[in-house]
Amino acid sequence: MRARLLLAAAVVLQLVVLYAPRAPSTDQVPLVGPVVDKAVHLAVFALVAWTGRRAGLPVRVLVVVLLAHAVVSELLQHWVLPHRSGDPLDALADAAGVLVGLLLAARPGTRRGRLGA
């Protein structure tokens, strides 16, 4: 039950980060801003992947849903949210986050540690 609540909280956080009408501005710091943006994308997708595995969701389901969400979220940001823009590099950071989350969940000694389940 606790794992599912953590997953729900991670999904809500991800949705807020991806679909807020305006993203927090990181443009004031030229080189750091884009890095912070990609790190946030990686982190929210890693968190959902990790909590999803902890909640017992199958890897294949998580991978398909999260990768599809990575692409769809960038398209929605570009076409629907007026103060946001889609970025293919954000989708790549999202995909890297999925991988990181799954690898962390698969570490020996963690519950549901098998990647193939």
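Hey, rough spin-label estimate for Arg22 and Leu99, points 7 angstrom out along Cα→Cβ, what's it come to in nanometres?
Result for the modelled spin labels: 3.5 nm.
Once you place label points 7 Å from the Cα toward the Cβ at Arg60 and Leu75, how far apart are they in nm?
Each label point lies 7 Å from its Cα, and together they span 2.3 nm.
Given H placed 1.01 Å from N in the peptide plane, which residues other than close sequence neighbours of Gly86 have an amide H under 5 Å from its amide H?
Answer set, sorted by chain and number: His78.
Which order do Asp90, Asp37 take when ranked by solvent-accessible area (1.4 Å probe, heavy atoms of all protein chains), largest first?
Descending accessible area places them as Asp37, Asp90.
The values are calculated or read from the model by the stated rules, or taken from the named source; none is laboratory data. Values in this document were obtained by computation on a predicted structure and should not be read as measured data. Ideal geometry is used to build each Cβ from the backbone, glycine not excepted, and the neighbour counts take in all protein chains shown. Surface accessibility is based on the protein's heavy atoms, side chains included, excluding ligands, DNA and RNA. Shrake-Rupley method; radii C 1.70, N 1.55, O 1.52, S 1.80 Å.
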